[in-house]
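Visitor: Mind looking over this structure? Questions follow.
Where a number appears in this text, it was derived from the coordinates with a stated rule and is not lab data. Remember, it's a predicted structure, so these values are computed and weren't measured experimentally. Cβ placement follows ideal geometry from the backbone for every residue including glycine, while neighbour counts extend to all protein chains displayed.
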Amino acid sequence: MKKPGRNDLCWCGSGKKYKKCHMEQDARLFEYEKEGFTIPSFDLIKTPEQIEGVRKSGIVTNEILDIVAERIKEGVTTNEIDDWVREHTAKRGAIAAPLNYFGYPKSVCTSINDVICHGIPDNTVLKSGDIINIDVSTILDGYYSDASRMFIIGEASENAVKLVEETKKAMYIGIDAVKPYGSLNAVGTAIENYCNKLGYSVVRDLGGHGVGLKFHEEPHVDHFAKDGKGVLLLPGMVFTVEPMINEGDYKCITLDDDWTVLTKDGSLSAQWEHTIVVTENGTEILV
Ligand code: MF3
Ligand code: CO
């Protein structure tokens with residue numbers, strides 16, 4: 001981080017001199033930097049208007065997940081789920097962020113059983129016993145939101161149901177570890193400690209991410225334990241917490257479609273995702 005001069009214009013765009021604006025507040029940050037934290041780029045700190053934009057986008061994402069929750073059942077194809085997502089997104093004047101994202105061919109990700117993430121909707125028919133992650137990402141008025149939930153189709157095995165429930169708990173444990181002026185590394189440490197005790201493993205190759213003005217922004221959010229102070233969490237940062245938890249080994253393979261990520265050992269995988277904002281007192285879930 002480069003320190004502006006006292007009489008330079010403040011980095012925040014207020015038009016005020018630095019000394020009359022963020023200088024004092026930033027002095028605190030230089031202390032954190034000395035302690036070993038990585039100070040995030042200031043443009044990751046969203047304004048209240050931007051946060052409101054993500055929140056509104058999140059309302060559409062949540063509506064879509066609610067529609068999926070109402071309709072999903074045995075016999076439905078993942079292509080039908082893609083239709084529901086596309087139709088509701090259009091109805092709300094929004095854009096499905098996945099469609100054409102680096103060539104991704106559909107409007108939603110549908111990841112069944114041993115698929116960790118980025119499953120592409122197709123003619124696969126959902127059957128009783130499946131567990132499936134539905135990952136919805138919406139752009140509304142230029143603002144991105146990202147959330148996912150697991151669904152259990154019909155009667156699933158006890159261990160599958162447990163994995164789904166514990167992964168949801170792990171996500172909330174990760175979110176609870178987010179503290180203003182705390183470390184981003186606390187998220188992964190909390191999640192991995194919880195999951196390892198259950199004999200599960202945390203996927204390492206994929207993580208959460210900043211979100212809001214783009215689909216994937218800094219910082220990258222690892223869901224496993226890491227040493228060091230890591231990225232300093234500042235009020236106004238918006239990012240996802242979206243642990244992918246495997247019943248077996250954490251290792252992944254990617255199919256020839258270049259998207260579908262599966263567990264290497266064929267074990268079940270679950271994922272839940274929220275988009276959150278760091279506040280002065282803790283966090284708020286935006287969607
Ligand atoms: N929604 C995913 C995430 O949580 C990203 C999907 S990228 C896509 O980060 F292209 F597959 F949609
Ligand atoms: Co995400």
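Visitor: On a 28 Å Cα-Cα criterion, which of the cross-link pairs 34/56; 73/197; 162/264; 3/179 come out too long?
Guide: In this structure, 34/56; 73/197 lie more than 28 Å apart at Cα.
Visitor: So, one more: Based on DSSP H runs of at least 4 residues, each adding -39500 (n - 2.57), what is the mean residue ellipticity at 222 nm of the chain after dividing by all its residues, to the nearest 500 deg cm²/dmol?
Guide: Numbers: 5 runs with 83 residues, N = 287.
My calculation for the chain gives -9500 deg cm²/dmol from helical runs alone.
Visitor: Can you tell me the order of 21-30, 125-134 when each peptide is scored by its average per-residue count of other Cβ atoms within 10 angstrom, highest first?
Guide: Numbers: 21-30: 14.2, 125-134: 18.6.
By packing density, highest mean first, the sequence is 125-134, 21-30.
Visitor: Using only the alpha-carbon atoms, what does the chain span along each of its principal axes? Please give whole angstrom values in decreasing order.
Guide: Rounded to whole Å, the extents work out to 66, 44, 33 Å.
Visitor: Compute the whole-percent fraction of alpha carbon pairs in the range 105-238 spaced more than 21 Å apart.
Guide: 48 percent
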